[in-house]
Structure formats: C-alpha cells, structure tokens
Amino acid sequence: MTDARTLVAEAIERPRDHVPANGTIETVEGWDSLGHMRIMLALEARLGRPMETEEILELASVEAIDRLLNGGSG
Amino acid sequence: MRLRWNRGKPVVLSTERFDLRSVSQRWIARHTFAWSENEQVMAGLELRAGGWLLRRWRRRFAKADNRNHLILAIFDKQNGRLVGYESVNISGGNIAFIGVAVGDTDWWGKGLVVETRAALLDYLFDVRGCTRVWGTPFGRNFSSIYNYQRLGFKKEGVLRKGGRSANGDASDMVAFGMLADEWRALRAENPS
C-alpha cells in the first residue's frame with residue numbers, strides 16, 4: 001500500500017514527518033507550485049496512467065491523495 | 001526603464017518582492033521574445049518552443065489599453081529584472097479574465113504567482129470594481145491549477161477538450177472563478 005505522506009514528502013524533498021496526514025496545499029510548507037507538479041507526476045508514475053482532469057482537481061490534500069492511492073483506506 | 005503609455009492610466013502594483021507595471025503589447029512582446037525559445041516556459045503555456053517570428057509572438061498578446069485590456073509586467077524588486085507578466089481582459093464592465101506567464105524559471109516554485117495574483121485581485125475587485133475574476137488553465141498544467149486552488153478560486157467546471165496543447169492534441173481546460181465577496185472573505189481571514 002502506497003503511503004500518501006511519503007509520496008508527498010519525497011516529491012517536495014522533505015522528511016515524512018514534515019507532512020501531516022491532514023496536510024493540504026495551504027498548510028504544508030514546500031508544497032508549492034513546483035512541488036505540486038512533482039506530486040502529480042509521482043502519482044501518475046505510481047498509478048501507471050495519466051490522471052483524469054477531475055481527479056487532478058481533487059488532489060489538494062494528503063487525504064485526497066491517500067484516497068486516490070488506497071481507495072479511501074485512510 | 002521608461003514605460004510610455006497613451007490610453008488609460010498606468011497601473012502600478014507592488015508586493016513584498018515584486019513590482020507590477022502596465023506595459024504595451026509591443027513592449028511585452030519584445031521583452032519576452034527570448035522566452036519563446038525556452039522549452040520549459042513554452043510547455044507551461046502549451047505552445048511550441050522555437051521558430052517564432054516577433055510579429056507572430058506579439059499577436060499572442062492583446063492590445064493593452066489600461067482599461068479593458070491590461071498586461072502587467074512583473075519585475076523582481078531586487079534587481080529590476082522582468083520575470084513574468086499577468087494579463088487581464090475585462091468584459092461586460094466588471095468581469096475579468098486573467099492569465100499569467102513566468103519566464104524566469106528561477107522563480108518557479110517560489111510563490112510568485114500567488115503573491116502577485118493576490119495583489120492583482122485586490123486591484124480588480126477593490127479598484128476596478130470587478131464582480132468576478134476567472135481563468136482557464138489547461139487540465140495538465142499542474143502548477144497553474146495549484147496557483148488557482150492555493151488562492152481559493154473555485155473550480156467551476158472542466159471544459160472537456162476545450163483547448164489545443166502544444167502537440168496539437170485537444171486538451172481539457174478548467175474554469176476557475178473568484179467572486180468579489182469570496183475574495184474579501186478570504187482576505188479577512190488571511191490579510192497577507
């Protein structure tokens with residue numbers, strides 16, 4: 001199972017502890033526009049497919065990324 | 001640097017790190033023409049890199065008049081360098097459509113758009129009396145989508161295959177909108 005916090009942390013080049021489970025684009029330092037692009041590309045690499053636009057638009061928080069990766073397992 | 005202007009009043013905005021000043025279509029085309037060779041920059045605009053003629057590059061920009069069509073060049077306060085621009089088209093008297101380009105890639109990922117666009121929203125809502133500001137980034141322009149979301153714009157819809165990407169394929173675009181009351185509420189929560 002892929003960990004959303006780890007994926008975000010690696011994409012923005014911060015330690016995992018830097019990214020709380022309830023983190024969002026507004027609250028996680030380093031989750032900037034470039035970081036966001038890296039997160040989206042890392043997600044697509046992990047999923048093995050390009051994401052739909054509607055999916056992309058939902059991904060503004062760690063929880064949303066977790067839902068996409070793990071089907072809402074939290 | 002001297003900026004000449006004939007129609008309407010010049011627009012000058014200032015943020016912590018940047019100055020924004022209205023410029024003409026000709027000025028912005030001439031000063032950003034080198035960006036047309038930069039693959040990274042052009043990919044963000046969904047345009048092909050290289051092979052542009054200056055007159056064709058200039059036609060990409062609206063003829064700015066400081067009334068309904070604005071091009072605001074963004075300058076780094078530290079050194080006066082041009083780093084990007086915001087474009088604004090106001091229709092119906094109070095609905096503004098916006099776009100942005102950051103040609104200095106050293107500024108990518110450093111909050112330039114969030115900072116400058118916040119000042120632009122203040123201007124459009126408070127000075128120009130706009131009721132609505134909106135934009136339509138490409139669906140795969142992750143950085144641009146981030147900037148709209150980070151500022152609190154609401155997603156209003158996906159324009160399926162609403163644009164053409166640099167490789168000629170039809171691509172989704174996303175309509176993001178902000179109303180004046182929404183922006184004022186966000187500003188009240190977070191004045192910075």
(message) B:VAL41 - would you say it is closer than 17 Å to B:SER143 by Cβ, of a type outside the set (Ser, Thr, Tyr) and out of contact with any Lys or Arg (no Cβ under 6 Å at 6 or more places or on another chain)?
(response) yes
(message) Can you pull out every residue in region B:141-164 that is over 27 Å from B:ALA188 (Cβ atoms) and under 17 Å from the mean Cα position of the chain (by Cα)?
(response) B:ASN141, B:PHE142, B:SER143
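Is it true that B:PHE97 is under 22 Å from B:TRP134 (Cβ atoms), assigned to a loop (DSSP other than H, G, I, E, B) and of a type outside the set (D, E, K, R)? Give the derivation first.
Details: under 22 Å from B:TRP134 (Cβ atoms): yes; assigned to a loop (DSSP other than H, G, I, E, B): no; of a type outside the set (D, E, K, R): yes.
The answer is no for B:PHE97.
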(message) Quick check on this structure: which one of A:LEU57, A:LEU69 is hydrophobic (A, V, I, L, M, F, W, C) and at pLDDT below 95?
(response) A:LEU69
(request) Could you list, in sequence order, all residues of region A:14-53 that are within 14 Å of chain B (Cβ to nearest Cβ), assigned to a loop (DSSP other than H, G, I, E, B), within 18 Å of B:TYR146 (Cα to Cα) and over 10 Å from the mean Cα position of the chain (by Cα)? (result) A:GLU26, A:THR27, A:VAL28, A:GLU29, A:GLY30, A:ASP32, A:PRO50, A:MET51, A:GLU52
(message) Being out of contact with any Leu (no Cβ under 7 Å at 6 or more places or on another chain), surrounded by fewer than 20 Cβ atoms within 10 Å (Cβ to Cβ) and at the interface with chain A (Cβ under 9 Å from one of its Cβ atoms) is the filter here; which residues of region B:103-123 pass it?
(response) B:LYS110, B:GLY111
(request) Could you grab me the full set of residues in region B:163-192 that are assigned to a strand (DSSP E or B) and more than 13 Å from every other protein chain (Cβ to nearest Cβ)? (result) B:ARG164, B:GLY177, B:MET178, B:LEU179
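So, in region B:48-86, of the ones that are aliphatic (A, V, I, L, M) and under 18 Å from B:THR105 (Cβ atoms), which residue ends up surrounded by the fewest Cβ atoms within 10 Å (Cβ to Cβ)? So that I can check it myself, show each step before the final result.
First, the residues of region B:48-86 that are aliphatic (A, V, I, L, M): B:49, B:53-54, B:62, B:64, B:70-74, B:82-83.
After this cut, where a residue has to be under 18 Å from B:THR105 (Cβ atoms) as well, the list is B:49, B:73-74, B:82-83.
Details: B:ALA49: 16, B:ALA73: 22, B:ILE74: 29, B:LEU82: 19, B:VAL83: 20.
Here the residue is B:ALA49.
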(request) Under 7 Å between Cβ atoms, at least 6 apart or on separate chains: pull out the pairs that start in region B:24-45 with a residue that is under 24 Å from B:GLY168 (Cβ atoms) and end on any residue that is exposed (fewer than 14 other Cβ atoms within 10 Å of the Cβ) and of a type outside the set (A, V, I, L, M). (result) B:GLU37/B:GLY50
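Within region A:54-74, how many residues are assigned to a helix (DSSP H, G or I), more than 8 Å from every other protein chain (Cβ to nearest Cβ) and not acidic (Asp, Glu)?
In the first step, residues of region A:54-74 are kept if they are assigned to a helix (DSSP H, G or I); the result is A:54-58, A:62-70.
Restricting the remaining residues to those that are more than 8 Å from every other protein chain (Cβ to nearest Cβ) gives A:55, A:58, A:62-70.
Going one step further and asking which of them are not acidic (Asp, Glu), we end up with A:62, A:64-65, A:67-70.
The qualifying residues number 7.
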(message) Looking at B:VAL100, B:VAL11, can you tell me which residue is at pLDDT below 95, among the hydrophobic types (A, V, I, L, M, F, W, C) and buried (at least 18 other Cβ atoms within 10 Å of the Cβ)?
(response) B:VAL11
(message) I'm told B:PHE142 meets every condition in (1) buried (at least 20 other Cβ atoms within 10 Å of the Cβ); (2) touching a residue at least 24 places away in the same chain (Cβ under 8 Å) except one. Can you identify the failing condition by its number?
(response) (2)
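Test of understanding: among B:VAL83, B:VAL113, which residue is outside any helix (DSSP H, G or I) and either out of contact with any Lys or Arg (no Cβ under 6 Å at 6 or more places or on another chain) or at pLDDT 95 or above (or both)?
Details: B:VAL113 fails: outside any helix (DSSP H, G or I).
Answer to the selection: B:VAL83.
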(request) Answer yes or no: is there a residue in region B:85-101 that is touching a strand residue (DSSP E or B) at 6+ places or on another chain (Cβ under 9 Å) and within 10 Å of chain A (Cβ to nearest Cβ). (result) no
(request) Count, please, the residues in region B:164-189 that happen to be of a type outside the set (Asp, Glu), in contact with a Gly (Cβ under 9 Å, 6 or more places away or on another chain) and farther than 25 Å from B:ASN94 by Cβ. (result) 2
(message) If a residue must be closer than 15 Å to B:ASN147 by Cβ and among the polar types (S, T, N, Q), how many such residues does region B:71-121 contain?
(response) 2
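The values are calculated or read from the model by the stated rules, or taken from the named source; none is laboratory data. For clarity, every value in this text was computed on a predicted model and none was experimentally measured. So basically every Cβ, Gly included, is an ideal-geometry build from the backbone, and we count neighbours across all protein chains shown.
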